[in-house]
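Down below is the structure, laid out as structure tokens.
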Amino acid sequence: MFKRRGALVAGLVFVAVGLAQAASSTSCTTGSFGSYRTLGLCSVGTLDFYNFELYTLDPSNVATAADSTLLGNIILHPTWDGVTATMTVDGFTGFAVASGATAAWRIRFTVDPPPIILDDDAALDPPFGEILVTHSVCADGGTSGGCATGVQTQQFGIGGNAHFTFTPAVSVLDVVTDIRLNPHFATTGIASGFDGIVFAVGTTATPEPGTWMLLFPIAGVVLRNRLRRK
């Protein structure tokens, strides 16, 4: 009888974990930024990605929602190695600028895991000229509001990258990244461009609290049945 009950508990645990992962049953695949906006939410390994937004920025950093051409040209490539989810956003090759011009874009997305998030990285690939990247994150809500811990920001250029380590680890991460080509075009301008930017989000292997919450009702059912048999 004990073996049968143990098997029942194990089976229910697997069911609960499956239910927890079912919310992100649509896998992220290579596609245009426009298709990601329509998709809404998708998963890379055990991480859920959503809130995909793309803007152009004028020289004063005023944001305008990307048009259909830009949404179709910018491509997202997700990969998963069992611990880290990588999202490469490329297709910017045709938007390089001359020494007397500037251009900029804003990329936003949110990551919500079953495992909790330990770190976040961003780097250009491959850039030339002069580029300023402002990579901002909120570790507990949205960067546009409701960020109780405060928005954290790092800036980098060609040859650099942004890196955040979260202690303690976090359960949701909102990311906003501004990329400006030739930020000093009016004074010391230089032709600038890049193809893509790589985002990497590292996780733990531990399910988030929401996953374990699904197990509590199951444990209650098992305990109740055992008490009834006594």
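Set side by side, the residues Thr93, Thr134, Thr79, Thr86 differ, and just one is among the polar types (S, T, N, Q), modelled with pLDDT of 95 or more and more than 30 Å from Thr204 (Cβ to Cβ), which is Thr93. Restricting Thr93, Thr88, Thr84 to those that are within 10 Å of Leu47 (Cβ to Cβ), of a type outside the set (Lys, Arg) and surrounded by fewer than 20 Cβ atoms within 10 Å (Cβ to Cβ) reduces the list to Thr84.
The set of residues in segment 157-185 being surrounded by 17 or more Cβ atoms within 10 Å (Cβ to Cβ) and of a type in the set (A, V, I, L, M, F, W, C) consists of Ala162, Phe164, Phe166, Ala169, Val170, Val172, Leu173, Val175, Val176, Ile179, Leu181, Phe185. Checking Pro115, Pro127 one by one, the residue that is over 17 Å from Arg180 (Cα atoms), surrounded by 16 or more Cβ atoms within 10 Å (Cβ to Cβ) and more than 13 Å from the chain's Cα centre (by Cα) is Pro115 and no other. Filtered by the rule that a residue be of a type outside the set (S, T, N, Q), closer than 17 Å to Ser27 by Cβ, touching a strand residue (DSSP E or B) at 6+ places or on another chain (Cβ under 8 Å) and surrounded by fewer than 21 Cβ atoms within 10 Å (Cβ to Cβ), segment 49-81 gives Tyr50, Ile75, His77, Trp80.
The values are calculated or read from the model by the stated rules, or taken from the named source; none is laboratory data. Given the structure is predicted, the values throughout are model-derived calculations rather than measurements. Quick reminder, even Gly has a Cβ in these numbers, built from the backbone with ideal geometry, and neighbours come from all protein chains shown.
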